[in-house]
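Scroll down for the structure; my scribbles are underneath it.
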Amino acid sequence: MTAQNLPSEPEFEQAYKELASTLENSTLFQKKPEFRKALQVVSVPERVVQFRVVWEDDQGNVQINRGFRVQFNSALGPYKGGLRFHPSVNLSILKFLGFEQIFKNALTGLNMGGGKGGSDFDPKGKSDNEIRRFCVSFMTELCKHIGQDTDVPAGDIGVTGREVGFMFGQYKKIRNEWVGVLTGKGQSWGGSLIRPEATGYGVVYYVDHMIKYASGGKESFAGKRVAISGSGNVAQYAALKVIELGGSVISLSDSQGALVLSGEEGSFTPEEINQIAAIKVERKQISELASTSAFSSKFKYIAGARPWTNITGRVDVALPSATQNEVSGDEAKALIAAGCKFIAEGSNMGSTQEAIDVFEAHREGNQGASAIWYAPGKAANAGGVAVSGLEMAQNSSRVTWTSEEVDTRLKHIMEDCFNNGLATAKEYVPAAEGSLPSLVAGSNIAGFTKVAEAMKDHGDWW
Ligand code: GLU
């Protein structure tokens with residue numbers, strides 16, 4: 001990609017280079033040189049919508065934010081991907097998220113294109129009324145550009161079922177139609193069971209396959225010490241599923257600091273995770289709970305830190321589940337020094353390129369019990385958007401599946417996603433004898449080739 005005439009988009013360039021480098025280092029372009037053209041085409045969004053969002057705060061002041069929707073690729077289906085409300089949101093971040101979403105959605109096996117949107121609006125410290133007024137204003141413009149067969153947004157950081165509800169209501173009022181134009185809806189009005197849990201559960205189902213494959217079926221989550229970052233939807237449900245499968249959760253965090261077990265034994269309990277979930281609904285910080293005697297006697301709170309270098313004792317599995325670039329190269333080395341064997345991202349682009357390089361070097365260079373295995377977000381966290389796809393299917397056919405039905409489908413999708421990345425790596429990525437296949441390269445190639453082939457059929461490149 002030439003950088004000429006393009007504004008600086010560091011996050012998007014990082015996501016592009018990560019994908020492109022794994023394609024270059026595989027045999028894909030030797031076998032199919034024409035796919036280089038597909039890479040050039042797929043890297044430019046089909047459309048970017050930017051708009052003004054004006055809303056009134058509780059003091060009657062006019063507030064202005066920026067709204068965006070990046071409609072990146074529709075080869076496999078309607079644009080699909082979340083909305084992020086966070087002060088850091090800009091076009092570079094949404095282009096990186098939309099780009100990742102194209103290949104993630106392809107890996108689910110469902111018919112969804114890739115998109116992402118959001119605003120630099122900060123929900124922290126806002127009243128419920130302010131959030132409602134913002135969502136109404138945001139959707140008043142966005143509704144002109146989306147539709148159940150065109151573009152189906154959902155939640156991401158800062159956008160929960162509450163915000164989806166306000167936006168859905170506004171879409172319905174303006175367009176006078178009840179359609180599944182958003183996913184992550186409330187369960188009584190078209191949402192899918194298991195959608196809130198899906199990303200976190202899906203990461204754990206994916207890692208379960210990694211553990212079983214690497215250990216020849218001998219090991220599972222039972223007895224594993226699992227470090228998790230974040231405390232939103234993804235982290236909470238990943239933590240609860242780890243505990244259900246017999247593992248220990250040894251850390252959680254938020255943007256202000258990390259909460260880690262003080263001793264080398266024990267785990268967060270489901271009750272403690274539920275307490276953290278409850279304060280997050282009120283948009284409060286973990287530090288408020290950390291200072292209570294129940295928490296301070298069991299956990300240490302490190303303000304301004306991430307968990308990775310602050311764990312007491314061994315780490316077996318790390319699940320970065322907060323935001324992008326939340327594992328540095330040095331933190332990757334610290335995790336490996338603490339014994340970590342499996343790293344899988346609940347967040348999108350959770351690892352920096354330096355961290356990925358550290359993990360991949362230890363995969364390639366080590367065999368058997370000392371091998372390190374890294375799974376990128378676009379494979380490991382695909383369960384969330386996958387269940388969004390199942391929500392779209394239920395809405396279109398006007399039915400509601402049971403939790404068991406959705407969970408069973410989610411498990412199958414995660415298993416297929418793992419096996420697809422594995423098989424594709426074996427086919428295209430040269431690896432040292434006896435080393436584990438590269439899930440990052442395999443997943444990138446599998447997602448990319450599926451989209452590239454569909455685009456060729458559509459005449460998007462030739
Ligand atoms: N924001 C989620 C993701 O990063 C979910 C998107 C969706 O459900 O459309 O995949």
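The table below gives the values:
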{"item": "Relative contact order of the range 1-110, defined on C-alpha pairs under 8 angstrom at six or more residues apart (%)", "result": "31"}
{"item": "Charge tally in the Cβ shell below 11 Å around Gln353, where Lys, Arg are +1 and Asp, Glu are -1, Gln353 excluded", "result": "-4"}
{"item": "Where GluC sites (Glu not before Pro) fall in DSSP loop in the range 1-67, at most 11 other Cβ within 10 Å", "result": "Glu34"}
{"item": "Heavy-atom accessible area per residue - the range 256-388, 1.4 Å, Å²", "result": "36"}
{"item": "In Hz, Karplus ³J(HN,Hα) per residue of the range 88-96 (6.51, -1.76, 1.60; θ = phi - 60°; x = Gly, Pro)", "result": "7, 5, 8, 5, 4, 5, 6, 5, 5"}
{"item": "The range 299-388: C-alpha gyration tensor shape, a/c 1.5 cut-off, then a/b vs b/c", "result": "oblate"}
{"item": "Inter-part distance where the range 431-451 and the range 252-284 are each reduced to a Cα centre, Å", "result": "34"}
{"item": "The range 382-408-the range 1-60 distance, computed between alpha-carbon centres (Å)", "result": "29"}
{"item": "Under the Karplus curve 6.51 cos²θ - 1.76 cosθ + 1.60, θ = phi - 60°, whole-Hz ³J(HN,Hα) for the range 205-219, x wherever Gly or Pro sits", "result": "4, 5, 5, 4, 5, 4, 5, 5, 5, 5, 9, x, x, 7, 10"}
{"item": "Vicinal HN-Hα couplings computed from phi for the range 370-380 (Karplus, 6.51 cos²θ - 1.76 cosθ + 1.60; Hz; Gly/Pro x)", "result": "8, 5, 10, 10, 10, 10, x, x, 5, 9, 5"}
{"item": "Computed over the chain: relative contact order in percent, which uses C-alpha pairs under 8 Å that are six or more apart", "result": "17"}
{"item": "Alpha-carbon centroid distance for the pair the range 307-362 / the range 158-222, whole angstrom", "result": "24"}
{"item": "Among 353-361, 144-152, 226-234, the order from most to least packed when residues are scored by Cβ within 10 Å on average", "result": "226-234, 353-361, 144-152"}
{"item": "Lys, Arg +1 and Asp, Glu -1 on Cβ, resulting dipole of the chain about Cα centre, debye, nearest 20", "result": "600"}
{"item": "Ranked packing of 370-377, 35-42, 236-243, most packed first, by mean Cβ within 10 Å", "result": "236-243, 370-377, 35-42"}
{"item": "Net charge over other residues, Cβ less than 13 angstrom from the Cβ of Gln170 (K, R count +1; D, E count -1)", "result": "+3"}
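The values are calculated or read from the model by the stated rules, or taken from the named source; none is laboratory data. Not measured: the values here are computed from a predicted model. FYI the Cβ positions are ideal-geometry reconstructions off the backbone, even for glycines, and counts take in every protein chain you see. The protein model used for the area step is the full one, side chains on, heavy atoms only, and it has no ligands, DNA or RNA in it. Shrake-Rupley method; radii C 1.70, N 1.55, O 1.52, S 1.80 Å.
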